[in-house]
Amino acid sequence: MKTLIIGATGQIGKMTTQKMLQAGHQVVALVRNKDKLADIHNPHLSVIEQDLENDFSHAFKDCDQVIFTAGSGGGTGAEKTILIDLWAAVKAINYAKQHNIQHFIMVSSIGADTPDSIESSIKPYLVAKHMADQYLLSSGLKYTILRPGTLLDEPASKGFSFKRPNSRADAMISRENVAEALNFVATKSPNDSVIVELFDGDNKLESFFH
């Protein structure tokens, strides 16, 4: 399997790239600045430098599956959120269909199911994620949509919960745990399409993705 990782220089994207290479995957990393991957030397890694606001369809050639973990970042404003988190995701889904991609893995967010239910300054981001998720759901592609809770910079515990905690303060997950989940899903490539919320917890990934 050859996997295209879109957003491979983001915090989650880079950790996912490293974990997948360590597991022996063929990885194509689509990035805006390839210098940010200069510290990774692996014969199974190909790097394509391209701005997601332009045509990036060529990156999908000969790939079997896609991980979309690109994001505009917290400080860019609603305009970039629409262009990257929504429109680039829509383009990626269209390119995936054109190239007969077998599995599309989307990094979404808790709250993307019902953006109106959460009063938050990141509502434009949640709306963008909601619309991108909906587009994927109607695309006909096999998909896995991961909706992690609030992201933490902690080492991976490799323990997960798939049920939203009652307390918002407990609805958290380390970025490295998200990368662990992405590597697992990309490796196992579940037969069925699924949407799953992810939090730190006590369960193994095998208990959900089997």
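A few remarks follow.
- Every condition in (1) part of a loop (DSSP other than H, G, I, E, B); (2) in contact (Cβ under 8 Å) with a residue 40 or more places away in the chain; (3) open to solvent by 70 Å² or more (accessible area, probe 1.4 Å) holds for PRO155 except the one numbered (2).
- Yes/no for LYS14 being farther than 25 Å from SER189 by Cα and assigned to a helix (DSSP H, G or I): no
- Filter pass, VAL90 being in contact (Cβ under 8 Å) with a residue 24 or more places away in the chain, surrounded by fewer than 19 Cβ atoms within 10 Å (Cβ to Cβ) and not in a loop (DSSP other than H, G, I, E, B): yes
Here is a yes/no grid of residues against (1) of a type in the set (Lys, Arg); (2) at pLDDT 95 or above; (3) touching a Lys or Arg at 6+ places or on another chain (Cβ under 8 Å):
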{"site": "ILE145", "(1), (2), (3)": "no, yes, no"}
{"site": "ASN183", "(1), (2), (3)": "no, yes, yes"}
{"site": "ASP200", "(1), (2), (3)": "no, yes, no"}
{"site": "GLU206", "(1), (2), (3)": "no, no, no"}
{"site": "PHE209", "(1), (2), (3)": "no, no, yes"}
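- The residues on offer are GLY111, GLY71, GLY77, and the sole one that is open to solvent by 10 Å² or more (accessible area, probe 1.4 Å), over 15 Å from the mean Cα position of the chain (by Cα) and modelled with pLDDT under 95 is GLY77.
- Complete set of residues in the stretch 164-210 that are of a type outside the set (A, V, I, L, M), part of a strand (DSSP E or B) and closer than 21 Å to GLY111 by Cα: SER174, GLU197, PHE199, ASP200
- Residues in the stretch 114-140 that are surrounded by fewer than 19 Cβ atoms within 10 Å (Cβ to Cβ) and at pLDDT 95 or above: MET131, GLN134, TYR135, LEU137, SER138, SER139, GLY140.
- Options ASN177, ASN166, ASN191; residue that is polar (S, T, N, Q) and crowded, with 18+ Cβ neighbours inside 10 Å: ASN177
- Residues that are surrounded by fewer than 19 Cβ atoms within 10 Å (Cβ to Cβ) and at positive phi occur at least once in the stretch 21-43.
- Test result for ILE105, in contact with a Ser or Thr (Cβ under 7 Å, 6 or more places away or on another chain) and buried (at least 17 other Cβ atoms within 10 Å of the Cβ): yes
The values are calculated or read from the model by the stated rules, or taken from the named source; none is laboratory data. It should be emphasised that the depicted structure is a prediction, and the values quoted were computed from it without experimental measurement. Virtual Cβ from ideal backbone geometry, glycine too; neighbours counted across all protein chains shown. The accessibility values were calculated without ligands, DNA or RNA, using every heavy atom of the protein model including side chains. Shrake-Rupley method; radii C 1.70, N 1.55, O 1.52, S 1.80 Å.
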